[in-house]
Each structure stands twice: as C-alpha cells, then as structure tokens.
1. In the stretch 48-60, what residues are under 13 Å from F114 (Cβ atoms) and part of a helix (DSSP H, G or I)?
2. Examine the stretch 90-108 for a residue that is in contact with a Phe, Trp or Tyr (Cβ under 8 Å, 6 or more places away or on another chain), more than 11 Å from Q44 (Cβ to Cβ) and among the β-branched types (V, I, T), and state whether such a residue exists.
3. State yes or no: is A87 more than 18 Å from L115 (Cα to Cα), at pLDDT 90 or above, out of contact with any His (no Cβ under 7 Å at 6 or more places or on another chain) and in a loop (DSSP other than H, G, I, E, B)?
4. Is it true that some residue in the stretch 73-81 is under 17 Å from V37 (Cα atoms), in contact with a strand residue (DSSP E or B) (Cβ under 8 Å, 6 or more places away or on another chain) and assigned to a loop (DSSP other than H, G, I, E, B)?
Amino acid sequence: MTAQRPTGPIEHLAKRLVAVLFSATACLGGSALAADVSRVQIQQPDGSLQCQPNSGTPPEQMRAQLTDAGIEVYSARNMSSGMMVPAVCDAPTGRINVFEIDADALDAARDLGFLPPAQPPRP
C-alpha cells in the first residue's frame with residue numbers, strides 16, 4: 001500500500017493555476033512565452049483637447065508619417081496614457097497614439113518625435 005500525499009487547499013489551488021496558465025499559453029499559440037524582442041512600442045500624444053470632439057491626430061495619420069520615413073509599422077492604436085489630467089476644457093486629454101515598430105528603427109522614430117513609453121523627451 002502506497003501512502004498518498006495529502007492535498008490541501010494550497011496544493012489544489014497551485015494545480016488549478018498551472019492548468020489555467022498552460023491553457024492560456026496554448027490558446028495564444030505560445031506567444032506569451034516567445035515575445036518578439038526585435039520590435040518596440042513607441043508613442044506620441046495625439047494632441048486631443050477636452051471639450052473638443054474629434055480633436056487630435058488619428059493613429060492612421062501618424063502611421064503615415066512613420067511609413068513615409070521608411071519605418072514599417074506593425075500595429076497602431078489610440079489609448080489613454082494612464083496619466084491623470086485635470087478636467088478642464090481645452091486641456092490635453094492625455095490620449096496617445098501607440099505604434100509597434102522594428103527596434104532598429106527606434107532612432108529614426110525618435111528623430112520624428114516619437115518616444116518609447118515612459119521615456120523623457122530628448123534634450
């Protein structure tokens with residue numbers, strides 16, 4: 001007779017967590033484990049202002065600026081910067097356009113005014 005190892009709530013939770021993570025990784029095709037480090041994200045404020053609907057530069061227009069400079073853009077989206085902004089008309093909304101590009105094009109993108117997330121502007 002073999003002694004069975006007791007399984008308490010912690011062991012059960014750990015087994016379930018491993019199963020969920022394995023399933024999620026399989027659904028993503030393993031992409032969560034094999035991130036492409038040859039690409040980087042860059043951003044630029046879209047210039048939109050509070051109380052002014054449709055203000056700001058759409059991501060498609062900024063994408064054209066990048067592609068005209070010979071930079072391949074893999075994805076583009078508009079999103080909140082996550083920074084708090086004062087709620088007052090004509091103040092910036094804090095929205096940014098974010099793009100995924102090749103890492104070796106980062107300097108060229110910086111020359112156009114795009115920055116990696118959370119990077120201070122160049123002097």
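The values are calculated or read from the model by the stated rules, or taken from the named source; none is laboratory data. Bear in mind that the values here come from a model prediction, so they are computed numbers and not experimental data. Cβ coordinates were reconstructed from backbone atoms using ideal geometry, including for glycine residues, and neighbour counts include every protein chain displayed.
1. P59 - this is the single residue of the stretch 48-60 that is under 13 Å from F114 (Cβ atoms) and part of a helix (DSSP H, G or I).
2. yes
3. Here the answer is yes, as A87 does meet what is asked.
4. No, because not a single residue in the stretch 73-81 is under 17 Å from V37 (Cα atoms), in contact with a strand residue (DSSP E or B) (Cβ under 8 Å, 6 or more places away or on another chain) and assigned to a loop (DSSP other than H, G, I, E, B).
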